[in-house]
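What follows is a set of notes on a single structure, which appears directly below.
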Amino acid sequence: MSHDANPTIAARFDLDYGDFRLNVDLILPGRGVTVLFGHSGSGKTTLLRCIAGLQRAPKGFLRIAGDLWQDDARDLFVPTHKRALGYVFQDANLFPHLSVDGNLRFGLKRSGQPPADLTPILELLGIDHLLKRMPDGLSGGERQRVAIARALALNPQVLLMDEPLASLDFKRKREIQPYLGRLHQTLKIPVLYVTHSQQEVAQLADHLVMLHEGQVVAAGPLAETLSRLDVPQAHERDAATVWAVAVADHETEFHLTRVAFDGGSLSLPQLPAQIGASLRVQIQARDVSISLQAPAATSILNVLPASVTAMADGDDGHSVIRLRIGNLPLLAHITRKSAALLGLQPGMAVYAQIKATSILN
Amino acid sequence: MLTPDDIATLWLTFRVAGLATVIMLILGTPLAWWLARTPSRWKGICNALVALPLVLPPTVLGFYLLVLMGPKGPVGKLTSALGWGTLPFTFNGLVVASVLYSLPFVVQPLQTSFAAIGRQPLEAAATLRASPLDTFFSVVLPLAKPGFMTAAILGFAHTVGEFGVVLMVGGNIPDETRMVSVQIYNHVEALQYPQAHWLAACLLAFSFTVLLVLYSALKTHPVAHPMT
């Protein structure tokens, strides 16, 4: 069976616990990081466990890259140990009676694959010096990196990660994040990543699925989904848009770096990044202001032509404006009075002034 | 000093206890695994049945076994029909009775350590391509090692020390069913106090050593706690 012919993930589950019901019908991309996002109790971990087969939804359908793993219409359910997946648990869940090496080889021995050279994975996750150690002697961050390597060593068709950073303190999170960033750039398989952290969404997601009380509220590419006016996140005080950009050139005399995106460019404080490197830029909605004409004289560097695509009233006197710049959406929070004075309407051509940006990786 | 008779009873006792322990581990492992993980409503009844010998007077258990395995009991009729004769007052009968009598001392530590493992390592193993049976041998057994040690030691030691069941089911046949505890009783009845002293001291030293080894080992592996 060719895996390229059908590179997507199709997942339909209906699971009723009485006080909680998971009911989803999703088509997810076959590459990149899809974040399953929601508050605790939204069903995101249950959904991941159903995909892994650790939990069985009585009515379900799951196909990953052309492999059918569950289809209750045909009474088909492939048990977890026969699914080509990698799973990273919230608290690493290493086998305490095996060394790091023993943990890494546990799955490999059983997968029927030829003994693989683990060096690239060990280097990617920076754990090559830990092989002889027992899990007890590792820090939380090291344990989680070993757990990720253990899942990847099997060469799975999909990597499932259940809040891999949630049990780590701030310092350990910072320690492991660069590795996740590298994974993101290297992996060719789809990653489904469960989290309740907006920070992790902004840093890692290519694709976002928002869950609430067992239902999918919104799903789609990250920038589009984060800027949808019908999801609560767009209205929160820290609402923001995330853009994927590439470094275009450096203006060394001004200590600036210009980054390009589909339909424009931005000037950022100088970055130690090579030309062509890809970056994520986060723009807070409250750092975006709108004017009808191109400002003739302004200290703000990033003024971009935009069009208004949608508007909504926020709950504390502000308006949430959704703009489109080139092919990217941008959220702006302005006061309701400003919106009225400018006479903003969907479809209008305006200028967006971006007062500040932050780099996520 | 120990007479040859005393040494024969010691040897018989260890053979009964050793064989009973092996059988209890083989029967007790799946039983404890099932009890530790089943949501079944039969679990309560099974737990109670397994634990019954803990509270039942040994003579009561011995009496029922005698009746069941005797020539007129259902088990006795079955064993006779199979050509094995009847079990009471034989070595095999003694082993069967010991297994039933000491089973809670094997099942409970195993059940506790299986429950302590939880479902997490099992799920990790499943995501790493291990079938349930493979997981049992490669993950559960190593993690439950302290539980198995406790179970084996307690099961063995408890069988060595039994008296009531032995007297009811086994009787007092030299080299066949006469165990140490009965031999001590015989010595006391015959007013052979020095002999009784020697055997009693042997059992005391044995029991103390066993418990000492057990609790020192458990200090380093605090996973399993005998519930008894």
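The values are calculated or read from the model by the stated rules, or taken from the named source; none is laboratory data. Remember, predicted model here, so these are calculated numbers, not experimental data. Here Cβ is always computed from backbone atoms with ideal geometry, including for glycine, and neighbour counts include all displayed protein chains.
Considering each of B:51, B:116, B:126 in turn, give the residue that is small (Gly, Ala, Ser), assigned to a helix (DSSP H, G or I) and either more than 27 Å from residue A:99 (Cα to Cα) or away from chain A (no Cβ under 14 Å) (or both).
B:51
Looking only at segment A:35-59, how many residues end up being within 12 Å of residue A:216 (Cβ to Cβ) and not charged (D, E, K, R)?
Result for segment A:35-59: 6.
Between a residue in segment B:48-69 that is under 10 Å from residue B:104 (Cβ atoms) and any residue that is loosely packed, with under 15 Cβ neighbours inside 10 Å and polar (S, T, N, Q), which pairs come within a Cβ distance under 8 Å, given they are 6 or more apart or on different chains?
Here the result reads B:54/B:228, each pair linking segment B:48-69 to a residue that is loosely packed, with under 15 Cβ neighbours inside 10 Å and polar (S, T, N, Q).
Has segment A:38-51 got at least one residue that is basic (Lys, Arg) and more than 14 Å from every other protein chain (Cβ to nearest Cβ)?
Scanning segment A:38-51, I find at least one residue that is basic (Lys, Arg) and more than 14 Å from every other protein chain (Cβ to nearest Cβ), so the answer is yes.
How about segment B:178-228: which of its residues are modelled with pLDDT of 85 or more and assigned to a loop (DSSP other than H, G, I, E, B)?
B:178, B:179, B:190, B:191, B:192
Tell me which residues, restricted to segment A:270-296, are touching a helix residue (DSSP H, G or I) at 6+ places or on another chain (Cβ under 9 Å) and of a type in the set (A, V, I, L, M).
Our first condition is that a residue be touching a helix residue (DSSP H, G or I) at 6+ places or on another chain (Cβ under 9 Å); within segment A:270-296, this holds for A:270, A:278, A:280, A:282, A:285, A:289-292.
Scanning segment A:270-296 gives A:285, A:290, A:292.
Filter segment B:129-147 down to residues that are of a type in the set (A, V, I, L, M) and at the interface with chain A (Cβ under 8 Å from one of its Cβ atoms) and give me whichever is nearest to residue B:159 (Cα to Cα). Steps first, answer last, please.
Restricting attention to segment B:129-147, the residues satisfying the condition of being of a type in the set (A, V, I, L, M) are B:130, B:133, B:139-141, B:143-144.
Then drop every residue that is not at the interface with chain A (Cβ under 8 Å from one of its Cβ atoms), which leaves B:130, B:139, B:143.
Details: B:130: 37, B:139: 30, B:143: 26 Å.
Among them, the one singled out is B:143.
Which of the residues that make up segment A:72-112 are more than 9 Å from chain B (Cβ to nearest Cβ), part of a helix (DSSP H, G or I) and either under 29 Å from residue A:60 (Cα atoms) or without any contact (Cβ under 8 Å) to a residue 12 or more places away in the chain (or both)?
Answer for segment A:72-112, where residues must be more than 9 Å from chain B (Cβ to nearest Cβ), part of a helix (DSSP H, G or I) and either under 29 Å from residue A:60 (Cα atoms) or without any contact (Cβ under 8 Å) to a residue 12 or more places away in the chain (or both): A:72, A:73, A:74, A:102.
Among the candidates B:72, B:77, single out the residue that is out of contact with any Phe, Trp or Tyr (no Cβ under 8 Å at 6 or more places or on another chain), surrounded by fewer than 19 Cβ atoms within 10 Å (Cβ to Cβ) and either among the aromatic types (Phe, Trp, Tyr) or not in a helix (DSSP H, G or I) (or both).
The conditions single out B:72.
Could you please find all residues in segment B:6-61 being over 13 Å from the mean Cα position of the chain (by Cα), surrounded by 14 or more Cβ atoms within 10 Å (Cβ to Cβ) and among the charged types (D, E, K, R)?
Scanning segment B:6-61 gives B:6, B:37, B:43.
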